[in-house]
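Working notes, beginning with the structure itself.
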Amino acid sequence: MSISTSSRNWWEQAVVYQIYPRSFADSDGDGVGDLRGVVSRLDHLSRLGVDAIWLSPIFESPMADFGYDISDHCRVDPLFGGDDDARLLIEEAHRRGIRVLFDLVLGHTSDRHRWFQASRQDRTNPYRDFYVWRDGPTPGRADGGPPNNWEAGFPAGARAWTFDDLSGQWYLHSHLPQQPDLNWENPIVADEQERVLRFWLDAGIDGVRLDSINRLGKDPLLRDNAPGLPLRQQDWPNLHERLVRVRSVLDKYPGTLAVGEVWLFDQQLLVPYLSDDELHLAHNFVFARADADATGLAAILSEFGDLVPDPGRAAWFVSNHDEPRPRSRFDRDGYGLQRAELIAMLLASLRGTTFLYQGEELGLADTPIPPDRVVDLNGRDPQRTPMPWRAPSVSGPGAGFTTGRPWLPITPDAEAMNVESQRTDARSTLNLYRRLIGIRRDRLRAVTGRHLADVPVEGVLRVVNQVPAGRYETLLNFGVEGAVVPIPDGARLLIGTDRDRRDVGPGRVELGGLEGVMVEHRYSEVHER
Ligand code: GLC
């Protein structure tokens, strides 16, 4: 297979699979996943039917934030392999028709990056202005406190400034102190980061996920945040000219994609990021954090459609390496897996691009982490534990992920919840995902216009997709009681979450509690593909 070009951008209606490389597959037995491991498991992704992979950062890093603290953007961290392994991965993925997105962190570096090391030497160093250095109220000393009241993301509520004894000033960090923010007011910073972007685009990647991109613009006057006003340390208008510049680089590499992590919780705020000359896609955290509830979801989907008229600009997801796994998040009453499968069906039906996080296709739950194994300060270990590939009774305690001691514990469910066991079980969550992705690829790729989302019967979310010859309806009963939903006469079942369901209708479908179906209705007889 090779990568084809069509008039529609390849990512529209595509499924992108997020790999957290530390936890995907370990080829050398050191307990941490690596690029050769990813290559060895690409066939799983081909079978699943995904169009692209996004890899969390693989670049040289002291790993204070597990790769999101980069000390050299243009080198692969030896933990993940060599630069040749990155090339091999791109080649092997392309050979299978799978595109590759890398995760670029443009807004901050590691404190071990040579720029920061130089920057902190003294106030006149040429790299000083690569970062945001300021005096507090008592210049040269820490005791007067930091320059303003901004808070860092991690640990939540900590101050966003650290005093550096060496040069006697405070530096800004939106995340950990080991992740100093770059100073995007300095045009040389933009030049340098453009070079990084080109470096990887030249290596053949198909696009980028841009980390924490809403932090690329901040109030240049560094004024205090004030109660009741939006934070001044993010989403500042000056970031848009920066995104235009990033986009202009991508535009020189036709067919490449920029999806931004726009960590904002109001869909309206996403709109400016999706201007035609900025991001192609912006991850939608309002949708990602929504409850498994028909009315709430319908409102979110409709609002997005009203705000962003081009349906191809949506980026839907429910989990990633920072968010709890859906099965656990929706498990208040023991029905987490049923809700996670409804959400899987919803993702398959939506216009735009959908993103899956490794393990979601197995219906994995978060893994409890004993206190002595906690490594992330911010509580994200449970969703980052290794992929279980094979049953431990067959492959040993590493569950096919590693032959060594895994850096985070393997899920206690690995005996049943692993790729190999689910592959051969027709009723597994993995096979449901595989079929849903197949339907999205073979039938729903052709849909036109935006999808319509409503609640025809209490508790039931309906998503309608039009194709020239008919329509598809996805009906998801988020209620725990049964529900009877009208459907067009002649509609037929495409797929259901109840593995025993054989048909629907005529004219209605009786859904069990937490059951979902996709039905197809053709306006006139057309030939089967
Ligand atoms: C993003 C990443 C997260 C990381 C943070 C700082 O939110 O997804 O994992 O910790 O940025 O780079």
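Over the chain, calculate the relative contact order: mean separation of alpha carbon pairs under 8 Å at least 6 apart, over the residue count, as a percent.
Reported as a whole number, the value is 13 percent.
How would you rank 431-442, 364-375, highest first, on the average number of other Cβ atoms within 10 Å across their residues?
Values: 431-442: 19.3, 364-375: 15.1.
Order by mean packing, descending: 431-442, 364-375.
Working from Cα positions, state the angle (0 to 90°, nearest 10) between the long axis of helix 187-202 and the longest principal axis of the chain.
40
Using unit Cβ charges (K, R positive; D, E negative) and no other charged atoms, how large, in debye to the nearest 20, is the dipole of region 109-183 about its Cα centre?
The dipole magnitude comes to about 140 debye.
Taking the dipole about the Cα centre of the chain, with the C-beta of Lys and Arg at +1 and of Asp and Glu at -1, give me whichever of V196, A226, S71 is farthest to the positive side.
Result: V196, furthest along the dipole toward the positive end.
Taking θ = phi - 60°, what integer Hz values does the Karplus form 6.51 cos²θ - 1.76 cosθ + 1.60 yield along region 312-324, in sequence order, with x for Gly and Pro?
These are the phi-based 3J(HN,Hα) values: x, 9, 8, 10, 9, 7, 10, 8, 7, 5, 9, 10, x Hz.
For region 37-64 and region 370-418, compute the distance between their C-alpha centroids and round to whole Å.
17
Among I205, N183, P155, which residue has its Cα furthest toward the positive end of the charge dipole of region 128-215, with +1 on Lys/Arg Cβ and -1 on Asp/Glu Cβ?
Going by the charge dipole, the pick is P155.
In the chain, if the dipole is taken from +1 on Lys/Arg beta carbons and -1 on Asp/Glu beta carbons about the Cα centre, which of A118, V464, L270 is farthest to the positive end?
So the residue we want is V464.
So, in nm, how far is label R499 from label R8 when the simple model puts each one 7 Å beyond its Cα toward the Cβ?
For R499 paired with R8, the spin-label model returns 3.1 nm.
When only the heavy atoms of the protein chains count and the probe is 1.4 Å, how do R405, R327 rank by accessible area, highest first?
Result, largest first: R405, R327.
Given the Cα atoms of region 254-346, and with Rh set as the inverse mean 1/r over their pairs in the Kirkwood sense, what is Rg to Rh to two decimals?
1.00
What's the center-to-center distance, using Cα atoms, between region 278-299 and region 87-135 in Å?
Using only Cα atoms to place each centre, the spacing works out to 30 Å.
Per-residue HN-Hα couplings for region 67-74, Karplus 6.51 cos²θ - 1.76 cosθ + 1.60 at θ = phi - 60°, whole Hz, x for Gly and Pro?
Once rounded to whole Hz, the list reads x, 7, 10, 9, 9, 8, 5, 9.
For the chain, give the magnitude of the charge dipole about the Cα centre (Cβ charges: +1 Lys/Arg, -1 Asp/Glu; no others), in debye to the nearest 20.
So the magnitude is around 920 debye.
How much length is gained if the chain between L231 and W263 is pulled fully straight, taking 0.36 nm per residue apart and subtracting their Cα-Cα distance, in nm to one decimal? Write out the running numbers ahead of the final one.
Details: separation 32, 0.36 × 32 = 11.52 nm, distance 1.24 nm.
Fully extending the segment from L231 to W263 adds 10.3 nm.
Can you give the convex hull volume per residue for the Cα atoms of region 109-183, as a whole number of Å³?
74
What list of ³J(HN,Hα) couplings, whole Hz, do you get for region 161-171 from phi and the Karplus terms 6.51, -1.76, 1.60, once you set θ to phi - 60° and write x for glycine and proline?
10, 10, 7, 9, 4, 4, 10, x, 9, 8, 10
Is there a quick way to get the dipole size of region 302-441? I mean about its Cα centre, with the Cβ of Lys and Arg at +1 and of Asp and Glu at -1; what is the value in debye to the nearest 20? Walk me through the numbers before you get to the answer.
Working: 18 positive and 18 negative charges, 88 e Å.
Its charge dipole is roughly 420 debye.
What is the gain in length, in nm to one decimal, between V271 and R47 on full extension, counting 0.36 nm per residue of separation less the C-alpha to C-alpha distance?
Stretched out fully, the V271 to R47 stretch lengthens by 77.2 nm.
Run the numbers on region 447-528 and let me know its relative contact order in percent, using alpha-carbon pairs under 8 Å that are six or more apart.
Dividing the mean separation by the residue count of region 447-528 yields 30 percent.
Pop out the Kirkwood hydrodynamic radius of region 447-528 from its pairwise C-alpha distances, inverse of mean 1/r, in Å to one decimal. Provide the component values of the computation, followed by the final result.
Details: mean 1/r = 0.0779 Å⁻¹.
One over the average 1/r among Cα pairs gives 12.8 Å for region 447-528.
Can you tally the net charge around S71? Count Lys and Arg as +1, Asp and Glu as -1, for every other residue whose Cβ sits under 13 Å from the Cβ of S71.
-3
Out of the total accessible area of the chain (probe 1.4 Å, heavy atoms of protein only), what percent is carbon and sulfur? The partial results should precede the final answer.
Values: 10360 of 20610 Å².
The nonpolar share, carbon plus sulfur, comes to 50 percent.
Given H placed 1.01 Å from N in the peptide plane, which residues other than close sequence neighbours of E151 have an amide H under 5 Å from its amide H?
Distant-sequence amide H within range of E151: A160.
Please give the helix 429-442 orientation as an angle from the longest Cα principal axis of the chain, in degrees from 0 to 90, rounded to the nearest 10.
Approximately 80 degrees, to the nearest 10.
Cα-Cα pairs above 31 Å in the chain: how many percent?
Pairs farther apart than 31 Å: 48 percent.
So, counting K/R as plus one and D/E as minus one, what does the shell of residues with Cβ under 9 Å around Y253 add up to?
Neighbour charge sum, excluding Y253 itself: -1.
Tell me the net charge near A142. Cut-off is 10 Å between Cβ atoms, A142 excluded, with +1 for each Lys or Arg and -1 for each Asp or Glu.
Surrounding charge for A142 is -2.
Just to confirm my numbers, what's the Cα centroid distance between region 144-204 and region 476-501 in Å?
Taking the Cα centre of region 476-501 as reference, the centre of region 144-204 is 50 Å away.
How do D83, D26 rank by accessible surface area computed with a 1.4 Å probe, from largest to smallest?
On the way: D83 60, D26 20 Å².
The residues order as D83, D26, largest area first.
The values are calculated or read from the model by the stated rules, or taken from the named source; none is laboratory data. Treat the numbers as computed from the prediction; the structure is a model and nothing was measured. Note that we place each Cβ from the backbone using ideal geometry, even for glycine, and neighbour counts take in every protein chain shown. Areas reflect the complete protein model, heavy atoms only, side chains present, ligands, DNA and RNA absent. Shrake-Rupley method; radii C 1.70, N 1.55, O 1.52, S 1.80 Å.
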